[in-house]
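A.B. asks: Input: one structure, supplied below.
The values are calculated or read from the model by the stated rules, or taken from the named source; none is laboratory data. These numbers come from a predicted model, not from an experiment. Neighbour counts run over all protein chains shown; Cβ positions are idealised from the backbone, glycine included.
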């Protein structure tokens, strides 16, 4: 799988441009992806804030992630213009029967494919070796263009989730250290 996405980000947008990521629970088919891209392009061309055009960008990455971006150097995105983008996403969600607002569904690259994992199964996946510290994770919490570029697709150990999971290797290491500590205590003879 080609993980290059940075080259498709608009170079003329500020690093502080606002970003919204909507992750689909499944990949769009090629036909669906083309329709989604058309809808996104049409939206960006008509995106306004208080009647002024928003400098916007939208794209579908990895066939599964809708990324919206607004460069607010000249026009701030208002509540109404944000609402219009959410309406678009809800329309796409309904049209293609996908879920785009499930924040408890986590995305990883496993065996060269984007794989979805419910948050409730994260510990299980770590335990059975499906994911490890270096598994690439889609950090959809990024909020700016700079963060998108640097911190969207990151190894799991760099993510906010890493504090919630201990991997087998770490547990073995901790058990080893515990045994070393216990063996260093003097044994009481009776």
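A.B. asks: Filtering the stretch 68-82 down to residues that are in a strand (DSSP E or B) and out of contact with any helix residue (DSSP H, G or I) (no Cβ under 7 Å at 6 or more places or on another chain), which residue is surrounded by the most Cβ atoms within 10 Å (Cβ to Cβ)? Break it down stepwise before answering.
C.D. replies: Residues of the stretch 68-82 that are in a strand (DSSP E or B), as a first pass: 68-71.
Adding the requirement that they be out of contact with any helix residue (DSSP H, G or I) (no Cβ under 7 Å at 6 or more places or on another chain) leaves 70-71.
Details: 70: 26, 71: 20.
Only one residue fits best here, namely 70.
A.B. asks: Right, something else. Could you please find all residues in the stretch 41-54 being crowded, with 18+ Cβ neighbours inside 10 Å and either without any contact (Cβ under 8 Å) to a residue 40 or more places away in the chain or over 23 Å from the mean Cα position of the chain (by Cα) (or both)?
C.D. replies: Step one: of the stretch 41-54, the residues crowded, with 18+ Cβ neighbours inside 10 Å are 43-44, 47, 49, 54.
44, 47, 49, 54 - these are the residues of the stretch 41-54 that are crowded, with 18+ Cβ neighbours inside 10 Å and either without any contact (Cβ under 8 Å) to a residue 40 or more places away in the chain or over 23 Å from the mean Cα position of the chain (by Cα) (or both).
A.B. asks: Could you please find all residues in the stretch 83-107 being within 20 Å of the chain's Cα centre (by Cα), within 19 Å of residue 44 (Cβ to Cβ) and either free of Cβ contacts under 8 Å to residues at least 12 places away in the same chain or in a strand (DSSP E or B) (or both)?
C.D. replies: The answer is 86, 90, 93.
A.B. asks: For residues that are surrounded by 15 or more Cβ atoms within 10 Å (Cβ to Cβ) and touching a strand residue (DSSP E or B) at 6+ places or on another chain (Cβ under 8 Å), tally how many sit in the stretch 15-40.
C.D. replies: 15
A.B. asks: Kindly evaluate residue 59 against the criterion of being surrounded by fewer than 19 Cβ atoms within 10 Å (Cβ to Cβ), in contact with a helix residue (DSSP H, G or I) (Cβ under 8 Å, 6 or more places away or on another chain), more than 22 Å from residue 97 (Cα to Cα) and assigned by TED's automatic domain parsing to the domain that holds residue 81.
C.D. replies: On the way: surrounded by fewer than 19 Cβ atoms within 10 Å (Cβ to Cβ): yes; in contact with a helix residue (DSSP H, G or I) (Cβ under 8 Å, 6 or more places away or on another chain): yes; more than 22 Å from residue 97 (Cα to Cα): no; assigned by TED's automatic domain parsing to the domain that holds residue 81: yes.
No.
A.B. asks: So, in the stretch 108-149, of the ones that are part of a strand (DSSP E or B) and free of Cβ contacts under 8 Å to residues at least 40 places away in the same chain, which residue ends up surrounded by the most Cβ atoms within 10 Å (Cβ to Cβ)? Walk me through it before giving the result.
C.D. replies: Going through the stretch 108-149, the residues part of a strand (DSSP E or B) turn out to be 108-110, 113-118, 136-138, 144.
Then keep just the ones that are free of Cβ contacts under 8 Å to residues at least 40 places away in the same chain; that gives 110, 115, 117-118, 137.
Details: 110: 15, 115: 15, 117: 19, 118: 12, 137: 23.
It comes out as 137.
A.B. asks: Name, by its number, the condition in (1) under 30 Å from residue 72 (Cα atoms); (2) surrounded by 15 or more Cβ atoms within 10 Å (Cβ to Cβ); (3) at pLDDT below 95 that does not hold for residue 160.
C.D. replies: (2)
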